Amino acid sequence: MKKILVIHNKYKLVGGEDIAVDNEILFLKRFYEVETLFFENKTSNLLLQFFYFLINKNLKSKRILREKLNSFSPDVVYVHNTWFKASISIFKLLKQLDVKTIIKVHNFRYYCTRHYLEKNHLNGELSCKACGLKKSKNFINKYFDESFIKSLIVVRYGKKYFNIIKDFNFKLLVLTNFHKNYLMELGFNKENIEVLRNHIEITNEKKVSNTENYLVYAGRISEEKGLEELINSFLESNLVNTKLKIVGEGPKSKNLIDKYGLNKNIEFIGKLENKKVLDLIRGSLAVVTGTKLFEGQPTILCEASMLSVPSIFPDSGGIKEFYPESTRLSFESNNFKQLTEKINLLSNKKIVFEESRNNNLYIKKLLDSNLIKKQFEKIINE
């Protein structure tokens, strides 16, 4: 039985990527001997934290990894997020020791940090599809944590990350064909990129009968996720006696709660564990997102399809790869008037039923566990 070491730096606010990594670990444990090495961005030493930011290196993380490699002797090291405690220095160690390494690239942030100070960062659009930022009159946007200094450091990190994953010729796993083509356009070797979608495990797929008409948004509450535009699109819709329930937290939470919290049709629930989010989705009319970004694999939307709950989503990036071409509930990215029109379609029970059924059949075939298992076996045996 092959031995796999999974490395992941957890996010400060748990999101879809953290959930996807946890699900994948449980899936891999069925077929391999798996151990994990998790890092968390928590430290009470602010000076030390700034130092990590500055040098993009963590000697302690490197030492911990070396010890893990010696004690476990994995056949394959499977790396997810490295920002920032794990640091990109672990890649240099893995290369130095000639350890078979595969990296799953969940998002597009490496791109905008690499091109941050260049004209093509925004691609001539209102906002960057990778980070969601709009053009700034200042020298640099506050890309990270509302701080110019931290933003410059993150940009530096992104440049180094991009160069390492490209120059070291590690095997890269992405979640969509869109992302694979995107990397190839940036000069990555086609032979080093494979599409491997995240496995999703839901024990009880049965959708409960609606006891209340409501839509669900679940995710980070931030500018790039388009939540305020989504709220306004929902309020402009013609759905009657229907709520929008918002799950999650983020930098725009307070602002949006202050602005819309008293509206009887908007409910801010806050942070929930994944099981409770799934229970909420089971009883909903639909799941909806207004994200302005290129996304990887939208965990919540895929879970909704597994539960036979329809989704309304933008057609940008690779999101549409997780839905049949016949779907009638996708809208043009950033076209929030069209989003309102799609929300209005939820009053048509026939459309809701057909979308629920078609999405469920499609996602089960796309994310078939045997298919993903065979794809992963092929990748690690190459």
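The values are calculated or read from the model by the stated rules, or taken from the named source; none is laboratory data. None of these values were measured; they are calculated from a predicted model. Note: ideal-geometry Cβ built from the backbone for every residue, glycine included; neighbour counts use all protein chains shown.
Out of (1) modelled with pLDDT of 95 or more; (2) in the same structural domain as residue 307 (by TED's automatic domain parsing), what's the single condition that is false for residue 333?
The number of the failed condition is (1).
Just a yes or no: is a residue in the range 290-304 touching a residue at least 12 places away in the same chain (Cβ under 8 Å) and surrounded by fewer than 14 Cβ atoms within 10 Å (Cβ to Cβ)?
Of all residues in the range 290-304, those touching a residue at least 12 places away in the same chain (Cβ under 8 Å) come to 290-304.
Going one step further and asking which of them are surrounded by fewer than 14 Cβ atoms within 10 Å (Cβ to Cβ), we end up with none.
Looking through the range 290-304, none of the residues is touching a residue at least 12 places away in the same chain (Cβ under 8 Å) and surrounded by fewer than 14 Cβ atoms within 10 Å (Cβ to Cβ).
From (1) farther than 19 Å from residue 364 by Cα; (2) surrounded by fewer than 18 Cβ atoms within 10 Å (Cβ to Cβ); (3) in contact with a Ser or Thr (Cβ under 8 Å, 6 or more places away or on another chain); (4) at pLDDT 95 or above, pick out the condition that doesn't hold for residue 321.
All conditions are met except number (1).
With the requirement that a residue be free of Cβ contacts under 8 Å to residues at least 60 places away in the same chain, in a helix (DSSP H, G or I), closer than 17 Å to residue 233 by Cβ and not charged (D, E, K, R), what does the range 328-353 give you?
338, 345
Could you tell me whether residue 334 is of a type outside the set (A, V, I, L, M, F, W, C), surrounded by 15 or more Cβ atoms within 10 Å (Cβ to Cβ) and in contact with a helix residue (DSSP H, G or I) (Cβ under 6 Å, 6 or more places away or on another chain)? Spell out the reasoning first.
Details: of a type outside the set (A, V, I, L, M, F, W, C): yes; surrounded by 15 or more Cβ atoms within 10 Å (Cβ to Cβ): yes; in contact with a helix residue (DSSP H, G or I) (Cβ under 6 Å, 6 or more places away or on another chain): no.
Considered against the rule, which asks whether it is of a type outside the set (A, V, I, L, M, F, W, C), surrounded by 15 or more Cβ atoms within 10 Å (Cβ to Cβ) and in contact with a helix residue (DSSP H, G or I) (Cβ under 6 Å, 6 or more places away or on another chain), residue 334 comes out as no.
Can you go through 295, 325 and tell me which one is in contact with a Gly (Cβ under 6 Å, 6 or more places away or on another chain), not in a helix (DSSP H, G or I) and not aliphatic (A, V, I, L, M)?
Numbers: 325 fails: in contact with a Gly (Cβ under 6 Å, 6 or more places away or on another chain).
Result of the check over 295, 325: 295.
Picking from 284, 253, which residue would you name as being under 13 Å from residue 214 (Cα atoms) and either of a type in the set (Gly, Ala, Ser) or without any contact (Cβ under 8 Å) to a residue 12 or more places away in the chain (or both)? It would help to see each step written out before you state the result.
Working: 253 fails: under 13 Å from residue 214 (Cα atoms).
Answer to the check: 284.
Which ones in the range 231-275 are surrounded by 14 or more Cβ atoms within 10 Å (Cβ to Cβ), touching a strand residue (DSSP E or B) at 6+ places or on another chain (Cβ under 7 Å) and in a loop (DSSP other than H, G, I, E, B)?
Passing the criteria: 242, 248, 249, 265, 272.
Keeping to the range 220-236, report how many residues are touching a helix residue (DSSP H, G or I) at 6+ places or on another chain (Cβ under 8 Å) and closer than 24 Å to residue 298 by Cα. Don't jump to the end; show me each part of the working.
Keep residues of the range 220-236 that are touching a helix residue (DSSP H, G or I) at 6+ places or on another chain (Cβ under 8 Å), which gives 221, 226-234, 236.
Going one step further and asking which of them are closer than 24 Å to residue 298 by Cα, we end up with 221, 226-234.
Adding up the residues that qualify gives 10.
Would you mind stating whether residue 224 is in the same structural domain as residue 339 (by TED's automatic domain parsing), touching a residue at least 40 places away in the same chain (Cβ under 8 Å) and over 20 Å from residue 284 (Cβ atoms)? Show your work before the answer.
Values: in the same structural domain as residue 339 (by TED's automatic domain parsing): yes; touching a residue at least 40 places away in the same chain (Cβ under 8 Å): yes; over 20 Å from residue 284 (Cβ atoms): yes.
Criteria met by residue 224.
All but one of (1) outside any strand (DSSP E or B); (2) assigned by TED's automatic domain parsing to the domain that holds residue 234; (3) at pLDDT 95 or above hold for residue 374; state the number of the condition that does not hold.
The failed condition is (2).
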